[in-house]
1. Got a sec? Which of 139, 114 is of a type outside the set (S, T, N, Q) and out of contact with any strand residue (DSSP E or B) (no Cβ under 6 Å at 6 or more places or on another chain)?
2. Tell me whether the stretch 368-376 contains one or more residues that are closer than 30 Å to residue 207 by Cα and either of a type outside the set (A, V, I, L, M) or assigned by TED's automatic domain parsing to the domain that holds residue 173 (or both).
3. Against the definition (touching a helix residue (DSSP H, G or I) at 6+ places or on another chain (Cβ under 6 Å) and of a type in the set (D, E, K, R)), how does residue 124 come out, yes or no?
4. With respect to residue 59, determine if the residue is more than 20 Å from the chain's Cα centre (by Cα), in contact (Cβ under 8 Å) with a residue 24 or more places away in the chain and surrounded by fewer than 19 Cβ atoms within 10 Å (Cβ to Cβ).
5. If you take the residues of the stretch 334-372 that are touching a strand residue (DSSP E or B) at 6+ places or on another chain (Cβ under 9 Å), among the hydrophobic types (A, V, I, L, M, F, W, C) and outside any strand (DSSP E or B), which of them is nearest to residue 412 (Cα to Cα)?
6. Tell me which strands (runs of 3 or more DSSP E) are completely within the stretch 428-495 and hold 2 or more residues being assigned by TED's automatic domain parsing to the domain that holds residue 385 and of a type in the set (Ser, Thr, Tyr), or say none if there are none.
7. Which of the helices (runs of 4 or more DSSP H) found entirely inside the stretch 505-599 contain at least 3 residues meeting this: modelled with pLDDT of 70 or more?
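The values are calculated or read from the model by the stated rules, or taken from the named source; none is laboratory data. Just so you know, these numbers come straight off a predicted model, no measurement behind them. Note: ideal-geometry Cβ built from the backbone for every residue, glycine included; neighbour counts use all protein chains shown.
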Amino acid sequence: MARIPLLQLSRISLTFGGEPVFDNLDLVVQPGDRVALVGRNGSGKSTLMKVMAGLVDADQGDRVVPPGVTVGYMEQDPDLSGWATLGDYAASNLPEGEEYRVAMAAEGLKFRPETPVTSASGGEKRRAALAKLMAEAPELMLLDEPTNHLDIQAIEWLEAELASTRTAFVLISHDRAFLRALTRATLWIDRGQVRRRESGFDGFEDWREATWAEEDEARHKLDRKIKAEARWAVEGISARRKRNQGRVRALADLRAERGAQIRRQGTAAMELEAGPQSGKRVIEARGLKKAFGDLTICHDFDLRVLRGDRVAFVGPNGVGKTTLLKMLTGEVQPDEGTVTLGTNLAVAVFDQTRAQLDPDASLWDNLTNDPSMAVSGQSDQVMVRGVPRHVVGYLKDFLFDERQVRAPVRSLSGGEKARLLLARIMARESNLLILDEPTNDLDVETLDLLQDILGDYDGTVLLVSHDRDFIDRVATTTIALEGNGQAMAYPGGWSDYRRQRGEGAVETPTVKTTASQPVLKQSVKKPVGLTFTERKRLDLLPEVIDKLETEIARVTELMSGDLFARDPVKFGKASQALTELQAKLAATEEEWMSLAERD
């Protein structure tokens with residue numbers, strides 16, 4: 001028996017500012033769907049979700065929700081005006097006596113329901129909106145960036161809740177690990193077209209590249225056909241003018257088809273240039289202690305950061321990651337202990353509050369009024385790594401168009417604000433980069449580019465993030481702040497930290513499904529690609545293998561001849577050493593092959 005869809009969109013068209021966001025869109029969400037909604041920043045993901053929620057009316061088309069089906073929506077910037085506390089807002093649509101649902105969600109998401117709305121931070125308001133949706137448990141949940149402002153523990157709690165719920169959901173997120181663990185279908189928005197693939201996010205990037213490759217091949221064939229027809233039009237039309245007017249019109253149609261094709265948005269032309277090389281020792285911290293009242297950030301904390309290290313700081317919200325970061329850079333003084341900074345440091349900072357941006361000023365003014373970027377006597381130029389650039393041209397490198405450069409920063413999306421802040425940071429040379437929550441709101445493509453840039457950066461990176469996949473791909477050391485002043489350093493990224501604590505790869509709870517759906521048990525998969533530490537290891541392994549082979553050859557030569565007769569004891573030791581070297585060589589070659597296959 002066919003299932004009745006929870007939501008159906010038919011022939012949806014929507015236009016903003018003359019450009020179509022969607023045209024003739026059809027979309028169906030079935031009971032039990034677990035859908036990732038992906039696309040570039042500005043592609044229309046949040047707009048489509050609002051159309052699905054009934055909050056934005058399409059110019060044409062139909063939205064159908066069957067009677068009795070409830071659709072819940074969690075937006076990025078919820079309006080809590082009219083409620084006294086976060087708990088009042090979160091419980092506003094619950095039947096009397098079921099307020100406990102909010103308390104349960106609040107415990108997992110780590111906020112206090114009694115917090116007044118007037119004093120709540122933006123992150124607390126988002127968590128209250130998420131708790132409201134989880135407590136109401138509609139048949140279809142629409143989640144727009146639910147992991148933003150959540151720490152890793154809260155993300156894992158939410159991941160487990162969504163994995164075990166019967167509710168269908170569509171979610172927008174930049175968190176690869178979250179998407180891989182939860183989704184079984186993918187909606188991809190690309191230049192106004194929405195494609196659906198009945199597979200989770202794990203294979204999205206291969207699908208996207210294959211689709212683009214087919215598109216490029218079709219465009220290439222069309223260009224060749226236009227070129228051939230145009231040559232015929234010049235050389236052969238005069239002899240058979242009347243009979244060939246249809247072919248001329250066909251050429252015009254081909255050119256119109258080519259002109260109507262929408263060019264793919266490129267990736268931001270981001271670049272980090274390291275300044276003068278810093279000293280080998282960048283930071284030396286000894287015996288650090290810091291407390292605020294009853295909250296101890298750290299005690300007896302030692303850390304040495306060397307040039308080229310990538311150090312990630314992880315832990316629950318409020319545990320003091322940013323404070324420790326500021327102590328290590330000299331911005332905050334410890335109660336006890338010392339911090340020694342290395343020589344010749346040039347520091348660039350990406351702060352999670354985006355405080356370096358003036359929300360009321362335009363993008364143009366935010367760059368040209370920055371003293372480090374100003375060009376004397378040139379109001380339309382900015383200094384980019386020592387070279388003057390026109391401000392509009394530089395902003396285009398970060399995917400802003402000319403219509404945006406005079407708009408106020410407050411009109412930008414979260415991802416666009418992040419790109420603007422990156423534009424400011426990357427305009428200057430640096431050798432110590434401080435990144436406090438850089439991944440919030442960035443799309444997958446920009447995250448990929450940022451990761452590659454950090455991999456090639458000659459300087460040192462200190463990173464605070466809740467994005468497990470990003471930490472795995474970038475960090476060489478992870479500092480875990482676990483409360484009560486405990487701050488421990490672990491080699492590698494997030495997955496390495498978990499393994500060293502004996503937690504390893506964990507299974508998500510069994511997904512509860514309707515009777516018509518199979519029970520699916522998913523495991524959190526190892527991130528695709530290599531971590532920064534693994535990539536360095538892969539580069540080093542050929543040299544290790546060469547040294548082992550040289551040593552094996554030396555020992556083999558030593559054992560040849562009459563060594564056994566001359567010195568049986570020495571022969572025995574050499575034989576044991578040869579066995580150990582051969583075993584080590586086999587293990588090293590196997591490690592190299594395993595890493596190379598994942599590269």
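1. 139
2. no
3. It is false that residue 124 is touching a helix residue (DSSP H, G or I) at 6+ places or on another chain (Cβ under 6 Å) and of a type in the set (D, E, K, R).
4. yes
5. For the stretch 334-372, the residue satisfying everything is 363.
6. It comes to 477-481.
7. Here the list reads 532-559, 568-598.
Listed here are the residues, each with its yes/no results for (1) among the hydroxyl-bearing types (Ser, Thr, Tyr); (2) surrounded by 13 or more Cβ atoms within 10 Å (Cβ to Cβ); (3) in contact with a strand residue (DSSP E or B) (Cβ under 6 Å, 6 or more places away or on another chain).
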site: 79; (1), (2), (3): no, no, no
site: 89; (1), (2), (3): yes, yes, no
site: 92; (1), (2), (3): yes, yes, no
site: 106; (1), (2), (3): no, yes, no
